[in-house]
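All remarks here apply to the structure that follows.
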Amino acid sequence: MAKLYLRFEQSQSVLREVPLTQGTATIGRLPDNSVQIDNLAVSGHHAKIYWDDGHYVIEDVGSLNGTFVNEKRVGKATLIHGDQVKIGKHVLEFKNEGAIALGASVPKSGPATPQLDATVVLDTKQAREMIAEKGGPVSAARSVTGAPLPGRERIGVLRVLEGKTDQERYVLTAKMTMIGKSSLATIRLKGWFAPTTAALISKRENKYYIAPSEKKIKLKVNGEDSPNLKELHDGDLIEVSKFKATFSFQE
Amino acid sequence: MTLAVEVAGKTDVGCVRANNEDNFGYDSRYGIFVVCDGMGGQAAGEVASKMGVDILLEYFRNTAGRKDAAGQEAAGPSQGSSASPTRQPATTANGGPLANAIRLANKRIYEAGERETGKSGMGSTVVAALVRGNSLTIGNVGDSRIYLIRHGEIQQLTRDHSLVMEQVRLGLITREQAEQSEMQNVILRALGSEKEVEADVEDLLAVSGDLLLMSSDGLTRHVRDQEILKIVTAARSLEAACATLIETAKDRGGDDNITCLLLKIVDRPWYKHILHKVFSGGRQWQNSI
């Protein structure tokens, strides 16, 4: 099970142990947080930690002094075992021992396989046992197969240079992000003549791609017309309608 | 300009099995599209997959215009989310209802399995898509898949809940090893196998020109992603694409039932939209088979 260990500054003594089970854990100075840290360096509502697609993710919710993971300021970051989250003068160490057990390999015999290749469902308990059986640490399992350790997620950011939008900076965490006037758009354009759907940014395996969302929309990347899908690189300039922004990777 | 969905679907028993445990259905009026792949002996698989399709379609027909009223029933006993730290159910406009509809289908299939002798252990996978304008919400339990074809590229939107793909994600085996594995038929989640199920539900975006392929594993075990892309983009119609996909899988053994439901997001100018409504251009819905 994943846990947070709260310490103050350099001190080794653990002030509190917070098990992360399910749902969202909120961190902040005010008592309505699930992890309350009563210190003035901590914002009322500072950050939150939640489970997303197999990982715990920490996200700053607009704190004044920032959220740091291993000394780096983050807007949002995936937590891995051993990460040090600094909030004000406090340190939360993230430990996720449960995830290590998942590195197990599955015995060849498997469950009682019925005739032909009829589909079999493992119930949750069986699946856990099966995956956990012969469960060595992930590192050992990986060294056998030689698969690389998954890298930290690269998160893209758009900084708005021109155009009426509701924010100046957008952290692109979603699989798909729309630019436009539509209520579905994350990057919400304002103004009478702004297109409802202007362009779509997709995120795939740590890469980002942009394409106009309708044929009649003129999208430019680094000053060149870009009618099809185009991968975004650090420093790229995006122009669509009256919207102009630069793309970069966080970290 | 409004977005509309064109759709074609086809299912085939394959070359080996005696009966078809796959099912699919859709209702374009509510933007709901479903494929289910059933399992369980003595025809129970067919019952489960049919129930899966029918319950999802009914859910959106009944709750249209209402604020997710049936959601509460589906949530079941109050310990809904205490099992394990899992993905948060989507809470957005469409993600919530889709998650609720899948939970409801699970509950009904599970109860039917408990109640009726000979049907215990029946279950089904489900992939569902809810398309409303530019909003696309997908839901998945099991190893059926949804692919998105956009700008000449194919992408699997769902994550298989199968043992081998779990091992691939953990870096224990390669994708190639997974495709050879004799454990491919082991799935980790299904509708109806346990009292509660956790569906992967995700809110995405659709744009004009997008193609969505929803299929059972009878297709994807035999036809690779890049081949699917080639077949679908080369076909002259959605119907022809479905037929060619199924034929290709059958040519390679077709040892399982094969189902394809292919959607295309198209721009429809307002006047065509009205013409379409008045003259009902083709079928708007299809119930389970």
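One line per residue, one yes/no per condition, for (1) surrounded by fewer than 23 Cβ atoms within 10 Å (Cβ to Cβ); (2) touching a residue at least 24 places away in the same chain (Cβ under 8 Å); (3) in contact with a Phe, Trp or Tyr (Cβ under 9 Å, 6 or more places away or on another chain):
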site	(1), (2), (3)
B:Gly95	yes, yes, no
B:Asn100	no, yes, yes
B:Glu111	yes, no, no
B:Glu114	yes, no, no
B:Gly121	yes, yes, no
B:Ser135	yes, yes, no
B:Val141	no, yes, no
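Within region B:125-149, the residues that satisfy the criterion of being at pLDDT 95 or above, part of a strand (DSSP E or B) and either among the polar types (S, T, N, Q) or over 20 Å from B:Trp285 (Cβ atoms) (or both) are B:Thr125, B:Thr137, B:Asn140, B:Val141, B:Arg145, B:Tyr147, B:Leu148, B:Ile149. Scanning region B:174-202 for residues that are farther than 21 Å from B:Ile55 by Cα and at the interface with chain A (Cβ under 7 Å from one of its Cβ atoms) yields B:Met183, B:Asn185, B:Val186, B:Ile187, B:Leu188. Candidates in region A:206-226 are the residues that are under 19 Å from the mean Cα position of the chain (by Cα) and within 23 Å of B:Asn134 (Cα to Cα); of these, the one that is nearest to the other protein chains (Cβ to nearest Cβ) is A:Tyr209.
Taken over region A:164-181, the criterion of being over 19 Å from A:Gly75 (Cα atoms) and at pLDDT 90 or above is satisfied by A:Met178, A:Ile179, A:Gly180, A:Lys181. Looking at B:Ser208, B:Ser237, just one residue is surrounded by fewer than 19 Cβ atoms within 10 Å (Cβ to Cβ), more than 26 Å from B:Met39 (Cα to Cα) and in contact with a strand residue (DSSP E or B) (Cβ under 6 Å, 6 or more places away or on another chain), and that residue is B:Ser208.
Every residue, every condition in (1) more than 19 Å from A:Glu9 (Cβ to Cβ); (2) within 15 Å of the chain's Cα centre (by Cα); (3) within 14 Å of chain B (Cβ to nearest Cβ), yes or no:
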residue	(1), (2), (3)
A:Val35	no, no, no
A:Lys48	yes, yes, yes
A:Asp52	yes, yes, yes
A:Ser63	no, no, no
A:Arg73	no, yes, no
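Here is the figure for region B:123-133: residues that are touching a Leu at 6+ places or on another chain (Cβ under 8 Å) and either surrounded by fewer than 22 Cβ atoms within 10 Å (Cβ to Cβ) or under 23 Å from B:Asn257 (Cβ atoms) (or both) total 7.
Condition (residue is within 9 Å of chain A (Cβ to nearest Cβ) and either more than 19 Å from B:Asp37 (Cα to Cα) or touching a Ser or Thr at 6+ places or on another chain (Cβ under 7 Å) (or both)) applied to region B:219-234: is it met by at least one residue? No - not one qualifying residue is present in region B:219-234. The residues listed here are B:Phe33, B:Phe24; of these, the one that is surrounded by 24 or more Cβ atoms within 10 Å (Cβ to Cβ) and out of contact with any Gly (no Cβ under 7 Å at 6 or more places or on another chain) is B:Phe33. Residues in region A:69-82 that are surrounded by fewer than 18 Cβ atoms within 10 Å (Cβ to Cβ) and free of Cβ contacts under 8 Å to residues at least 60 places away in the same chain: A:Asn70, A:Glu71, A:Arg73, A:His81, A:Gly82. Here B:Ser237 qualifies as polar (S, T, N, Q) and away from chain A (no Cβ under 14 Å). Please verify whether region B:209-217 includes one or more residues that are within 14 Å of B:Val141 (Cα to Cα) and within 13 Å of chain A (Cβ to nearest Cβ). Yes. Within region A:119-137, not a single residue is closer than 30 Å to A:Ser241 by Cβ, over 23 Å from the mean Cα position of the chain (by Cα) and modelled with pLDDT of 50 or more. Restricting attention to region B:260-283, does a residue exist that is within 11 Å of chain A (Cβ to nearest Cβ), out of contact with any helix residue (DSSP H, G or I) (no Cβ under 7 Å at 6 or more places or on another chain), surrounded by fewer than 23 Cβ atoms within 10 Å (Cβ to Cβ) and among the acidic types (Asp, Glu)? Yes, region B:260-283 has at least one match. Of the strands (runs of 3 or more DSSP E) contained entirely in region A:1-67, those carrying at least 2 residues that are touching a Ser or Thr at 6+ places or on another chain (Cβ under 8 Å) and surrounded by 14 or more Cβ atoms within 10 Å (Cβ to Cβ) fall at A:25-28, A:47-52, A:55-60.
Residues are listed down the side, and each one gets a yes or a no for (1) at pLDDT 95 or above; (2) touching a Pro at 6+ places or on another chain (Cβ under 7 Å); (3) in a loop (DSSP other than H, G, I, E, B):
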residue: B:Ala240; (1), (2), (3): yes, no, no
residue: B:Lys250; (1), (2), (3): yes, no, no
residue: B:Asp267; (1), (2), (3): no, no, no
residue: B:Ile289; (1), (2), (3): no, no, yes
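From the list A:Leu200, A:Leu184, the one residue that fits, being in contact with a strand residue (DSSP E or B) (Cβ under 8 Å, 6 or more places away or on another chain), crowded, with 17+ Cβ neighbours inside 10 Å and not in a strand (DSSP E or B), is A:Leu184.
Filter region B:149-173 down to the residues that are at the interface with chain A (Cβ under 9 Å from one of its Cβ atoms) and in contact (Cβ under 8 Å) with a residue 60 or more places away in the chain and list them by number. Listed by number, the residues that qualify are B:Arg150, B:Gly152, B:Glu153. The single condition from (1) within 25 Å of B:Gly95 (Cβ to Cβ); (2) touching a helix residue (DSSP H, G or I) at 6+ places or on another chain (Cβ under 7 Å); (3) in contact (Cβ under 8 Å) with a residue 24 or more places away in the chain that B:Ile146 fails is (2).
The values are calculated or read from the model by the stated rules, or taken from the named source; none is laboratory data. All values reported here derive from a predicted model rather than from experimental measurement. Neighbour counts are summed over all protein chains in view; Cβ atoms, including those assigned to glycine, are modelled from backbone coordinates with ideal geometry.
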